[in-house]
Amino acid sequence: VQLQASGGGLVQPGGSLRLSCKASGFNFSINTMRWHRQAPGKQREQVAAITRSGSTNYLDSVKGRFTISRDNVRRTLYLHMNSLEPEDTAVYYCNTDFRASTFWGQGTQVTVSS
């Protein structure tokens, strides 16, 4: 299983970014996929998840600003982030479960600052 996250960067408050996570080594289309984040000095938290059927759920603080989506043909998970706030600054990770193990991508840094 490989998860390759990308798309992070430096953005001003109120700006937008789109994160991508390219997956391989498992049947992407049937797996629930998730985005987590970890800010400096804080515990890692789940930001959003999407099931095989497209059902989604979100961390309360990102509802209405972030959208998780998936492209099963491209085997890619996305996180569209709008109205970014300094509190969204963190390393963002994609992850999934496969054969009783949890796999993580390498993370991509998102920094929201003026």
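Figures for the structure shown
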| read-out | value |
| --- | --- |
| Residue check, residue 24 free of Cβ contacts under 8 Å to residues at least 24 places away in the same chain, open to solvent by less than 70 Å² (accessible area, probe 1.4 Å) and on the phi < 0 side of the Ramachandran plot | no |
| Pick from region 9-21, criterion over 15 Å from residue 68 (Cα atoms) and part of a loop (DSSP other than H, G, I, E, B), ranking: least open to solvent (accessible area, probe 1.4 Å) | 15 |
| Every pair of residues 6+ apart whose Cβ atoms lie under 8 Å, when the first sits in region 59-88 and is at positive phi while the second is part of a strand (DSSP E or B) | 75/22; 75/23; 75/24 |
| Where residue 109 falls short, out of the listed (1) at pLDDT 95 or above; (2) open to solvent by less than 70 Å² (accessible area, probe 1.4 Å); (3) under 16 Å from residue 3 (Cα atoms) | (2) |
| Residue list for region 75-114, restricted to those being in contact with a strand residue (DSSP E or B) (Cβ under 8 Å, 6 or more places away or on another chain) and assigned to a loop (DSSP other than H, G, I, E, B) | 75, 82, 84, 85, 89, 105, 106, 107, 113 |
| Only listed residue being over 14 Å from residue 90 (Cβ atoms), among the charged types (D, E, K, R), open to solvent by less than 70 Å² (accessible area, probe 1.4 Å) and in contact with a helix residue (DSSP H, G or I) (Cβ under 9 Å, 6 or more places away or on another chain), chosen from 52, 34, 70 | 70 |
| Residues that are assigned to a loop (DSSP other than H, G, I, E, B) and open to solvent by less than 40 Å² (accessible area, probe 1.4 Å), drawn from region 37-49 | 39 |
| Condition broken by residue 96, with the remaining ones in (1) within 17 Å of residue 18 (Cα to Cα); (2) surrounded by 20 or more Cβ atoms within 10 Å (Cβ to Cβ) satisfied | (1) |
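Here's the yes/no breakdown for (1) more than 21 Å from residue 11 (Cβ to Cβ); (2) more than 14 Å from the chain's Cα centre (by Cα):
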residue	(1), (2)
39	no, no
48	no, no
58	no, no
65	no, no
68	no, no
85	no, yes
88	no, no
91	no, no
101	yes, yes
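The values are calculated or read from the model by the stated rules, or taken from the named source; none is laboratory data. Since this is a predicted model, take the numbers as computed values, not measurements. Because the Cβ atoms are built from the backbone with ideal geometry, glycine has one as well, and the counts that use them run over all protein chains shown. Remember, those area values only see protein heavy atoms, side chains included, never the ligands or the DNA or RNA. Shrake-Rupley method; radii C 1.70, N 1.55, O 1.52, S 1.80 Å.
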